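Only one structure is covered here, and it is reproduced in the block below.
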Amino acid sequence: MDDILRDAFYEEADEMFQEIEDALLEIDGQGATRERIDNLFRYMHTLKGSSSAMEIHDMAKLTHHLEDILGQAREGELTLGRDIINLMFSCLDQLKIRVAKHKKDEIYEIDIDKYISTLNNLLNASVHVQDMSQTEDEGKLYEIKIKLDENSIFKGARLFIITDRLGKEGQVVKTSWDGINIEAIEGQEFDITYRSERTGQEIEKLIYQIPDVDKVHVSEISQQTRKQKEQTRDNKGQTSEEVQSVIRVSINKLDKLLRIVEELSVDKERLKQLMKRVEEKYGHDSDVKSLSNLVNQIDFIGNEMQESVMSARMYTLDSVFRRFPRMVRDLALKQGKEIELKVEGENTELDRSIIEKIVDPLTHVIRNAVDHGIETPEQRQRFGKTPKGTIKLSAGQDQGHIYIKVEDDGRGIDIDSLKASAINKGLLSEEEIESLSEKELLEVIFMPGFSTSEEVTDVSGRGVGMNVVKDNIEKINGVIEMENRLGQGLTITFKLPLTLAIIQSLLIRSHKYRFAIPLLSVIEIIRIKEAEYAKRVRFANGHEVMNWRGEVLPVIRVRDLFNDVNAKKQKTFIGIVIGFSTSKIILGVEEIIGQQQVVIKSLEKFTGKDNVLGELRGISGTAILGDGNFAYVLDIQTLIREMIKEKRIKREA
């Protein structure tokens, strides 16, 4: 089978699965209105047509029976209760597995008899399929002209869906492809002779609901009306414009384009630096002034191109957020809890490379909110709360970064229980526990092996979840913040960079080297003068530490990364407070050069044992600057981890 056809089927199937899941969740939570059932019926019908065209017969058969249930519900003959919805979710999961196996060319077949038997029982042991075909003398006779979108590669499936849908509302008398192999059909225009009691306008509306339909013209064979023609023309124009406004581009092409833009960004900065030197020497020359204006224009165009490419790589968080309502529903039912998931900001955009890395952290946090955060209805009522708990998942953009927030109105974190658990598991000593502030104590939940669950379940209790969250957020240079309200709930916020390829950075100089620090990680800059050193800087176990806003933070001198750590330290330095994940440190540097947008080139292939650069401590990559030189990109994650691995720094009394 043609690979393009297969890929188109897989893509559409994934879209239909998500639409079906969303529709079922909406019906389950808000009730089965006619409009919601119609939408669900349409998605199921599309899936049936596509799977039938792909000759996945078990999938087509199961969707056909599900469609029958929805048909009876639409006619008021059946109520979509919780038992039927649960069964539909189970069937949907089977359909997903079927498509996943088909992608890998693995042999798999849905146990149709099992599910149809259960469906039949729910329908009083009888699935009644109405014959909607009509005799020749019933209804009006129409000629239907259909034009599919020229980019449609799924013609056979589309025509099957159209005739199948029309057959539900009347009789398909003849088609222009009668007797022809449906996959061998050429062109994009097709004719149907059709008999129905429906009006021409209703038939047009029915067909326009099907994907890839560009134009539809319905005329009664006995008479054509101008009004119908004008209405058809209006609909044609709208549909064609909507379809042609979006094209699909391979992500590999976008990645290649991004690499080109990265190189352009570097050369553009070098051109600007060179132009500054030329202006200093020949600033009064008219040609130099013209050249300067041209460089500024190229800089503007380069920035616009970069923003456009980055925008093309952006995905809305909706693709991530949509997977959680089903998960919350299923977990809540399993635990006997009533939970409403509210979603806001799902249209916030984030680079594809980051979106792929936040799914697992969000999954862990939301599952923990269901398992640990939200109480049972009985417990909530004893605490004076409503029986139904709420988890709010929201996102937005703030000061050059993206935030994703998970907030629940559950029990929050009991600090006393947290302390006891950390001591019992040997993660911290009683002395260490007592030295930590409440904010630092909350960060204990991210330690490997920590859990407050008394028993291991399939949701939590193994002590790995939140540690995985921390590790994954660190890998994308993100920051985690927590706000605990005992008895009222917990809020966990992820602050994430917009992209990992081109970042806003703070350029610093230490000794003879220049470094770039992701600006998102910079919290505050402190200047320490020699006269203040003895007062503001203390020593704990041989390490420099500083009291910053009530927190004792270790000081790392950047020059120590490449020089003798035992060398005498300068008492005058600039301290940069860096936040990473849940931890903070202070970087000590000699000079701040300024802010600059840089393209990061990873050194991962060249570092490590037996590689060219060996064990390069605290460096994650390089960035070429505007003057043609380069700066090292500091690996804040590694620096903080190494500080934690060293002997724990204790507070001075």
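The values are calculated or read from the model by the stated rules, or taken from the named source; none is laboratory data. All of these numbers come straight from a predicted model, not from anything done at the bench. Note: ideal-geometry Cβ built from the backbone for every residue, glycine included; neighbour counts use all protein chains shown.
Looking across region 7-43, just one residue is without any contact (Cβ under 8 Å) to a residue 24 or more places away in the chain, closer than 17 Å to residue 92 by Cα and either among the polar types (S, T, N, Q) or not in a helix (DSSP H, G or I) (or both), and that is 39.
Test of understanding: among 359, 328, which residue is part of a helix (DSSP H, G or I) and either of a type in the set (D, E, K, R) or at pLDDT below 90 (or both)? Please lay out each step first, then the result.
Numbers: 328 fails: either of a type in the set (D, E, K, R) or at pLDDT below 90 (or both).
None of the others qualify; the one that does is 359.
Consider region 558-576 and keep the residues that are at pLDDT below 85 and not in a loop (DSSP other than H, G, I, E, B). The one that is nearest to residue 512 (Cα to Cα) is 559.
Condition first: closer than 25 Å to residue 548 by Cβ, of a type outside the set (Gly, Ala, Ser) and in a loop (DSSP other than H, G, I, E, B). Now tell me which residues in region 394-426 satisfy that. Once the filter is applied, which keeps residues that are closer than 25 Å to residue 548 by Cβ, of a type outside the set (Gly, Ala, Ser) and in a loop (DSSP other than H, G, I, E, B), region 394-426 yields 399, 413.
Keeping to region 477-492, report how many residues are closer than 14 Å to residue 439 by Cα and in contact with a Phe, Trp or Tyr (Cβ under 9 Å, 6 or more places away or on another chain).
Residues flagged as closer than 14 Å to residue 439 by Cα and in contact with a Phe, Trp or Tyr (Cβ under 9 Å, 6 or more places away or on another chain) within region 477-492 amount to 2.
May I ask you to verify whether residue 334 is assigned by TED's automatic domain parsing to the domain that holds residue 374, part of a helix (DSSP H, G or I) and of a type in the set (Lys, Arg)? For residue 334, the condition - assigned by TED's automatic domain parsing to the domain that holds residue 374, part of a helix (DSSP H, G or I) and of a type in the set (Lys, Arg) - is met.
Just checking, how many residues over region 373-392 are within 18 Å of residue 484 (Cβ to Cβ) and either among the acidic types (Asp, Glu) or part of a strand (DSSP E or B) (or both)? Qualifying residue count for the region: 5. Among the residues of region 577-611, the one identified as modelled with pLDDT of 75 or more and not in a strand (DSSP E or B) is 590. Residues in region 506-529 that are touching a helix residue (DSSP H, G or I) at 6+ places or on another chain (Cβ under 6 Å), part of a strand (DSSP E or B) and modelled with pLDDT under 85: 510 alone.
Within region 276-302, restricting attention to residues that are among the polar types (S, T, N, Q) and without any contact (Cβ under 8 Å) to a residue 12 or more places away in the chain, the residue that is surrounded by the most Cβ atoms within 10 Å (Cβ to Cβ) is 296.
Just checking, does region 60-74 include any residue being touching a helix residue (DSSP H, G or I) at 6+ places or on another chain (Cβ under 9 Å), part of a helix (DSSP H, G or I), free of Cβ contacts under 8 Å to residues at least 12 places away in the same chain and more than 23 Å from residue 206 (Cα to Cα)? Step through it out loud before you land on a result.
At the first step, the residues of region 60-74 found to be touching a helix residue (DSSP H, G or I) at 6+ places or on another chain (Cβ under 9 Å) are 60-71, 73-74.
In the following step, the residues that additionally are part of a helix (DSSP H, G or I) were identified as 60-71, 73-74.
Restricting the remaining residues to those that are free of Cβ contacts under 8 Å to residues at least 12 places away in the same chain gives none.
For region 60-74, residues touching a helix residue (DSSP H, G or I) at 6+ places or on another chain (Cβ under 9 Å), part of a helix (DSSP H, G or I), free of Cβ contacts under 8 Å to residues at least 12 places away in the same chain and more than 23 Å from residue 206 (Cα to Cα): absent.
Checking region 133-155 against the condition returns a match, with at least one residue being modelled with pLDDT of 75 or more and assigned to a helix (DSSP H, G or I). Considering each residue of region 541-554 in turn, none proves to be in the same structural domain as residue 633 (by TED's automatic domain parsing), modelled with pLDDT of 80 or more, under 23 Å from residue 514 (Cβ atoms) and surrounded by fewer than 17 Cβ atoms within 10 Å (Cβ to Cβ). The single condition among (1) closer than 20 Å to residue 323 by Cβ; (2) of a type in the set (Ser, Thr, Tyr); (3) exposed (fewer than 15 other Cβ atoms within 10 Å of the Cβ) that residue 79 does not meet is (1).
Condition first: in contact with a Leu (Cβ under 8 Å, 6 or more places away or on another chain), closer than 15 Å to residue 396 by Cα, touching a residue at least 24 places away in the same chain (Cβ under 8 Å) and not assigned by TED's automatic domain parsing to the domain that holds residue 274. Can you find one or more residues in region 320-327 that meet it? Within region 320-327, one or more residues are in contact with a Leu (Cβ under 8 Å, 6 or more places away or on another chain), closer than 15 Å to residue 396 by Cα, touching a residue at least 24 places away in the same chain (Cβ under 8 Å) and not assigned by TED's automatic domain parsing to the domain that holds residue 274. For region 72-92, a residue qualifies if it is at pLDDT 85 or above and over 29 Å from residue 213 (Cα atoms), and the qualifying residues are 84, 85, 86, 87, 89, 90.
Candidates in region 474-487 are the residues that are modelled with pLDDT of 85 or more and either farther than 17 Å from residue 406 by Cβ or not acidic (Asp, Glu) (or both); of these, the one that is nearest to the chain's Cα centre (by Cα) is 480.
Can residue 290 be described as within 35 Å of the chain's Cα centre (by Cα), in a helix (DSSP H, G or I) and at negative phi? Walk me through how you get there before you give the answer.
On the way: within 35 Å of the chain's Cα centre (by Cα): no; in a helix (DSSP H, G or I): yes; at negative phi: yes.
When the stated conditions are applied, residue 290 does not pass them.
Scanning region 333-348 for residues that are surrounded by 19 or more Cβ atoms within 10 Å (Cβ to Cβ) and closer than 15 Å to residue 24 by Cβ yields one hit, 341. Take residue 100 and decide whether it is closer than 20 Å to residue 154 by Cα and free of Cβ contacts under 8 Å to residues at least 12 places away in the same chain. Spelling it out, residue 100 is indeed closer than 20 Å to residue 154 by Cα and free of Cβ contacts under 8 Å to residues at least 12 places away in the same chain. Return yes or no: is residue 159 at pLDDT 80 or above, of a type in the set (A, V, I, L, M, F, W, C) and either surrounded by fewer than 16 Cβ atoms within 10 Å (Cβ to Cβ) or more than 24 Å from residue 74 (Cα to Cα) (or both)? So residue 159 fits the description; yes.
State whether the residues of region 400-412 include one that is out of contact with any Lys or Arg (no Cβ under 6 Å at 6 or more places or on another chain), surrounded by fewer than 19 Cβ atoms within 10 Å (Cβ to Cβ) and either modelled with pLDDT under 90 or farther than 26 Å from residue 498 by Cβ (or both). Looking for residues that are out of contact with any Lys or Arg (no Cβ under 6 Å at 6 or more places or on another chain), surrounded by fewer than 19 Cβ atoms within 10 Å (Cβ to Cβ) and either modelled with pLDDT under 90 or farther than 26 Å from residue 498 by Cβ (or both), one finds at least one in region 400-412, hence yes.
None of 69, 56, 107 is surrounded by fewer than 19 Cβ atoms within 10 Å (Cβ to Cβ) and either out of contact with any strand residue (DSSP E or B) (no Cβ under 7 Å at 6 or more places or on another chain) or at pLDDT below 90 (or both) except 107.
Residues that are farther than 17 Å from residue 330 by Cβ, hydroxyl-bearing (Ser, Thr, Tyr) and in contact with a Phe, Trp or Tyr (Cβ under 9 Å, 6 or more places away or on another chain) within region 351-394 comprise just one, 394.
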